[in-house]
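Since every read-out is calculated from the coordinates, none of them should be taken as a lab result. Note that this is a predicted model, so its numbers are computed, not measured. Positions of Cβ are backbone-derived with ideal geometry, glycine not excepted, and every protein chain shown enters the neighbour counts.
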């Protein structure tokens, strides 16, 4: 068991756990941040994507020990405080979800894309989220919701 | 005034109080047995109730799938949540309103016709009064029978039905603790259960002492070949069960047939008649036959199955994302040998499962573990591998069909035979437990006989095997395979997917034989104007027949889901190069009154994408006695870069009853893809999924090199 300090959504957090514990369980169970989804637990579905030092990673495959001293952002950061992130508003406006389970991870991937690149194209968006699985078939709405925020405009078919 | 049509959901829940209650001074409690599984039902039910009662939807609190507090409705399946559940809510809400207004009229000494309601407050001739539903409610008898008072608003008077109210549950599900996986009850601990390599394997040796030495704080629960662990920390439970897996020796299993085609040869079941009309042996000048094979499919939910159970003084409370908590409660009562009155089931949302996956099984496992530590809630989460390899599968099917027709394009006869396993084997139905852990216990529960859905409720194996077309001579039969080792149950559209695929691809084969346009052939055989209307509309949207270039094809297909729910026609455009890509899909849908049009469109879009995924990519593989498909790498599904552009057009018929729509696009999408591939390549692919290998095999059945 190690005492590990990190920053989560801008606040410092400290946990005393086995350093091999996946970040996913620490976020959800030790820090009570349930928005990061538990999916395949083997890095294949991308449902648990969070940002570590602004880079998207699957929380199920990252040991907490490797995150010591680093910045972690979870989906809760998009709705913290009084102003929701425009991505959340756009997803709700487009009703871009059915069961909603894949959305948290996709929102975080989309945030990373928008933070990194000015006006990403539709192709950029699709490429960025292509590893994320969605089983309900809400893909078109999700891409459109991200496009709206990206300001990329509609691309002719 | 004529009595409105009732709903089957009212049979067991006939009273207003079964559905509606008033709480505090501003909350309307709506109770439903139908549950939110990602299809938007919670929002639509709130819309209906708020509409009939003239309240703000925001004041409605929905209790759904609660065995102690809510009505007992049949499970959330078969696209019936709006059709029957929504209808019951509308009737109950309208009856409650009538009772409240009668009381208000008495108190105000005003004629009922002079009264109106604005957000729960009684208004007389446009003037607000002191009376509200909440002040009136204590004076009325909410146990009154719904059908004695039901008076739903005329369609034209509805304000909320027909509007696309945003989903009430979506924000929390996108950004917060919106799922059963996120429930954290006080004192809750974490359980994990050892996955057998295949169903039916027994534990021959297990070094339990070694596991206990390694994890002294973990509670080990063993019953026969069932092994579970309980830990305060979830990550410790995960590790302990991994280690347990290395300390166990399993028995060898009996190999299972690697495909349905192999399995059929050894199954002794007989064909049984479903429907017969006229004489299919009568002459038609030409005849063609077809046979298609659908593989076993995985529900492949994004989230592994999850449950929480707690025992208190011999009573069990469970939290579950089951689609049928009432049936599950009965199954658990049988499994534990207790009266069902000592079990309370509470639904909480999970990820979409599109049918009966592992969500019921995991409850039993949580309950077994929780039984060892009464008073403590135990949460169990399945592994991804368990969800793929232990959940019931969407059954494989083989469907054979033959049609006779004349040179003038008139189809004179059709025979359809659907072959496959049970399409629905939910726990608790027909007196069976059917929870997978039951077979691993030292005293296993008796296995029930597989059953199927009767045609009167839409059929299971034979769902949509009865054609939508006017054909004078018909013979529809099914052969239910009972001796196969695979565990199967409901997957979206049941037999409808394969049966619509076979009939609708046969239609195109006939059209090609006699050189007639597939849309024209369909319209010539459709007597139902609503079916014809969706075909015409979808074709128009797609610019049918198009001018397909090299490797490009358009295909169309249509159904009325279950021959009684929504009508849906789909046109797709495919490009066939290295593989088949569906680039566009156009759908026309008639679901009668659409309560939430955007919700209907969302369901159709989703069904199109999911069916495209099944049809182009998906197949569960078997190896020896086990399901070899255990992760997403082995089970690719359609990705963002592969989804078609989709346009959906609703033909809204506000004056007609709402028809179930969630599964309507599944079959037509698949058949439209099959037809588009035929147009693009000139070959009929009869073995699904339509992969490069399947196409090559169809082109050259004898070919050995498929690379």
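Computed from the Cβ-Cβ distance with R0 of 60 Å, the FRET efficiency linking residue B:69 to residue B:514 stands at 0.50.
For chain B, the gyration tensor built on C-alpha atoms gives an oblate shape. Its axis ratio a/c (a ≥ b ≥ c) is at least 1.5, and a/b is not larger than b/c.
Based on DSSP H runs of at least 4 residues, each adding -39500 (n - 2.57), what is the mean residue ellipticity at 222 nm of chain A after dividing by all its residues, to the nearest 500 deg cm²/dmol? Don't skip to the answer; put the middle values down first.
Numbers: 4 runs with 42 residues, N = 157.
-8000 deg cm²/dmol, from helical runs alone.
For residue B:313 and residue B:223, a Förster radius of 22 Å and the Cβ-Cβ distance give a FRET efficiency of 0.55, rounded to the nearest 0.05. Helix A:139-150 and the longest principal axis of the Cα set of chain A meet at an angle near 90°. A crude spin-label estimate for the pair residue B:148 and residue A:5, with each label 7 Å from Cα along the Cβ direction, gives 7.1 nm. Of interest is the spacing of the C-alpha centroids, which for the range B:563-583 and the range B:51-66 amounts to 37 Å.
For chain B, relative contact order (Cα pairs under 8 Å, six or more residues apart, normalised by length) works out to 14 percent.
Secondary structure note: in chain B, about 75% of the DSSP beta bridges are antiparallel. Segment residue B:17..residue B:583, full-extension length gain: 198.8 nm, with 0.36 nm per residue of separation and the alpha-carbon distance subtracted. Looking at the range B:8-163, the DSSP beta bridges with both ends there are about 70 percent antiparallel.
Among B:445, A:102, a tally of other beta-carbon atoms within 10 Å of each Cβ gives an order, fewest to most, of B:445, A:102.
Assuming R0 = 41 Å, what is the FRET efficiency of residue B:631 and residue A:122, from their Cβ-Cβ distance, to the nearest 0.05? Present the calculation step by step, with values, prior to reporting the outcome.
Values: r = 30 Å, r/R0 = 0.73.
For residue B:631 and residue A:122, the calculated efficiency is 0.85.
Report note on the peptides B:109-118, B:159-168: ranked by the mean count of other C-beta atoms within 10 Å, highest first, their order is B:159-168, B:109-118. With neighbours defined as other Cβ atoms within 10 Å of a residue's Cβ, the residues B:439, B:527 order from fewest to most as B:527, B:439. What angle, in degrees between 0 and 90 and rounded to the nearest 10, separates the Cα long axis of helix A:103-116 from the longest principal axis of the Cα atoms of chain A? It is inclined by approximately 80 degrees. Between the alpha-carbon centres of the range A:20-77 and the range B:224-282 there is a gap of 33 Å.
How much of the DSSP bridge set in the protein assembly as shown is antiparallel, in percent, rounded to the nearest 5?
Working: 96 of 127 bridges.
Around 75 percent of the beta bridges assigned by DSSP in the protein assembly as shown are antiparallel ones.
Here the relative contact order of the range A:86-150, from alpha carbon pairs under 8 Å that lie six or more residues apart, stands at 53 percent. What is the Cα centroid distance between the range B:588-616 and the range B:316-347, reported in whole angstrom? Answer, in whole Å: 32.
Each residue, residue B:447 and residue B:124, gets one label point 7 Å from its Cα in the Cβ direction; the gap between the two is 7.0 nm. With a point put 7 Å past each Cα toward its Cβ, work out how far residue B:470 is from residue B:6 in nm, to one decimal. Label at residue B:470, label at residue B:6, 3.5 nm between them.
Sum -39500 (n - 2.57) across every DSSP H segment of at least 4 residues in chain B, then divide by the residue count to get the 222 nm mean residue ellipticity, nearest 500. Let's see the in-between values first.
On the way: 17 runs with 191 residues, N = 707.
Roughly -8000 deg cm²/dmol at 222 nm, from the helical runs in chain B.
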